[in-house]
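Trainee: Please see the structure below; I have some questions.
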Amino acid sequence: MTSADYLPILILILIAAPFAGIAILLPSVLGPKNPNRMKQEAIESGMIPFADARRRFPVQYYMVAVLFIIFDIEVIFLFPWAVSLNQLKIFGLIEMGVFLGILLIGYLYVWKKGAFEWE
Amino acid sequence: MSIVLLSILKSLALIILLLTGFAYLTYYERKLLARFHVRRGPNRAGPFGLLQPIADAVKAIFKEEIVPGHVDKLIYIVAPALSLIPALVIFAVIPIAPDLRLGGFTLQFHVADINVGLLYLAAIASVATYGIILGGWSSNNNYALLGSLRTAAQMISYELPFGLLLAAIILTTNIGREAGTLSLIEILNQPRPWWLWLWLWLAFPMFFITMLAESNRSPFDLPETENELIAGFQVEYGGIKFALFFMAEYISMITGSAIMATLFFGGWRGPFADPGTWYGPIVGFGWFFLKVVALLFVYIWVRASVPRIRYDQLLQFCWKVLTPLSIGYLVLTALIVVFVG
């Protein structure tokens, strides 16, 4: 296994990217152009827009993101362990049990604190 | 040099395949939904309405390009591409047919055989979130902002059970081998005992739910709930830029089905799909195609029958039900691998 294995993926990206780029640029060449003020406004179901979207939003979204970072790193640690469990045997099982156990305490704490609740 | 040339040809073939798949998936979905509603669905363009997707594509290309005055121009224009490119690229590691051997030359029907295939799937699936978040945020519209925030929270939340279940599937590849593997090609080539199939299918409903949520499909299509957010993150997009978001969603449905077909239902494997024969690749691709179409049918079936759930229910279901369940599944799988396998 060498980095050459990844060459086809690079090639695929290099082909997919111009495709998306051309698709985006094409209508500005082919389509009609008659902009007016109404077309340029924000869509709010026919109401006159009263505020733009650079504003505060509920902190819950942020909480979810923070929790995700913690637990997703846990998942990434699981991958190499999962590949080599046949060699690690019981030792690997106990090792991962301790790791998961510690995270599980954190998980229960977060649950009790009400981080998953949504008003 | 020939590897480069072969990769270019394969990449082009894959992109054409996925785009055709996308076009006819929209047709398939409209037809099926129509049948669920006791309607006929598209039937005007061409025989049985088969030219409808092409008509839609032509229409999207010739639409006027509107860039609203209040948006963040650069990000607004790049975002649809950012969401489409990962959707196209993620398919690279999925084998769609058995190898074809002609004389001394072997043609493999996947773009890349990397040893971290499943990790690659998880990684690219996460990158796909950026397009939607940036698109919604740069639109500078309240609906779009809410839609993109919801998408962000939803997609990253459901990545957790997705990753845990993937880890459990990797664990099962240890059985009967020296070590596990992350490569989808090797997973397919490895024989599984019958009880392992049953155990894997136990995880399939959970996996399917996470795939539904990851591709923002109904009943988890909260990023674009039309009754509260009009169209969510894509409300300021029109014409081809909207079509690219649409494409990304549908291609990720196809990819999701392909992943599930490969992990849970043996991918291209089936009667007469023998590797090394001249007819193997054709029959193998046929099986793969049938499995993907059947899974796509379930996607659409769910859309036609299950009502959309509330946003707090969505996240709570993920964190309080799906995550503990998949951790439990993972632990049990580990025990099985160590003590039985």
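The values are calculated or read from the model by the stated rules, or taken from the named source; none is laboratory data. In this text, all values refer to a predicted model and were calculated from it rather than measured experimentally. Glycine also receives a Cβ, built like all others from the backbone with ideal geometry; neighbour counts cover every protein chain displayed.
Trainee: For region B:181-203, give me the residue count where each residue is more than 19 Å from the chain's Cα centre (by Cα), farther than 20 Å from B:Leu330 by Cα and away from every other protein chain (no Cβ under 14 Å).
Mentor: Final tally of qualifying residues: 2.
Trainee: Go through region B:291-313 and report how many residues are more than 20 Å from B:Arg30 (Cβ to Cβ) and either of a type in the set (Lys, Arg) or crowded, with 21+ Cβ neighbours inside 10 Å (or both).
Mentor: Total satisfying the criteria: 2.
Trainee: Now for a different question. Taking B:Ile8, is it of a type in the set (Val, Ile, Thr), under 20 Å from the mean Cα position of the chain (by Cα) and within 11 Å of chain A (Cβ to nearest Cβ)?
Mentor: Taking the combined requirement at face value, the residue does not satisfy it.
Trainee: Kindly list the number of the only condition in (1) facing another protein chain (nearest Cβ under 10 Å); (2) more than 20 Å from the chain's Cα centre (by Cα) that fails for B:Tyr120.
Mentor: Result: B:Tyr120 fails condition (2) only.
Trainee: Which residues, taken from region B:58-83, are within 11 Å of A:Gly31 (Cβ to Cβ), free of Cβ contacts under 8 Å to residues at least 24 places away in the same chain and more than 7 Å from chain A (Cβ to nearest Cβ)?
Mentor: Passing the criteria: only B:Lys59.
Trainee: Within region B:154-164, can one find any residue that is at pLDDT 85 or above, farther than 18 Å from B:Met260 by Cβ and in contact with a Pro (Cβ under 6 Å, 6 or more places away or on another chain)?
Mentor: So far as region B:154-164 goes, no, none of its residues is at pLDDT 85 or above, farther than 18 Å from B:Met260 by Cβ and in contact with a Pro (Cβ under 6 Å, 6 or more places away or on another chain).
Trainee: On to the next question. Which of (1) more than 22 Å from B:Ala112 (Cα to Cα); (2) within 19 Å of the chain's Cα centre (by Cα); (3) within 14 Å of chain A (Cβ to nearest Cβ) is the odd one out, the single condition B:Glu29 does not satisfy?
Mentor: (3)
Trainee: Follow-up question, since we're still on this one. Sort out which residues of region B:163-180 are at the interface with chain A (Cβ under 7 Å from one of its Cβ atoms) and part of a helix (DSSP H, G or I), and write them in order of number.
Mentor: Correct list: B:Gly163, B:Leu164, B:Ala167, B:Ile170, B:Leu171.
Residue by residue, here is whether (1) facing another protein chain (nearest Cβ under 8 Å); (2) hydrophobic (A, V, I, L, M, F, W, C); (3) buried (at least 18 other Cβ atoms within 10 Å of the Cβ); (4) part of a helix (DSSP H, G or I) holds:
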residue	(1), (2), (3), (4)
A:Ile70	no, yes, no, yes
A:Ile73	no, yes, no, yes
A:Leu78	yes, yes, yes, yes
A:Gln87	yes, no, no, yes
A:Ile90	yes, yes, no, yes
A:Ile102	no, yes, no, yes
A:Ile105	no, yes, no, yes
A:Leu108	no, yes, no, yes
A:Trp111	yes, yes, no, yes
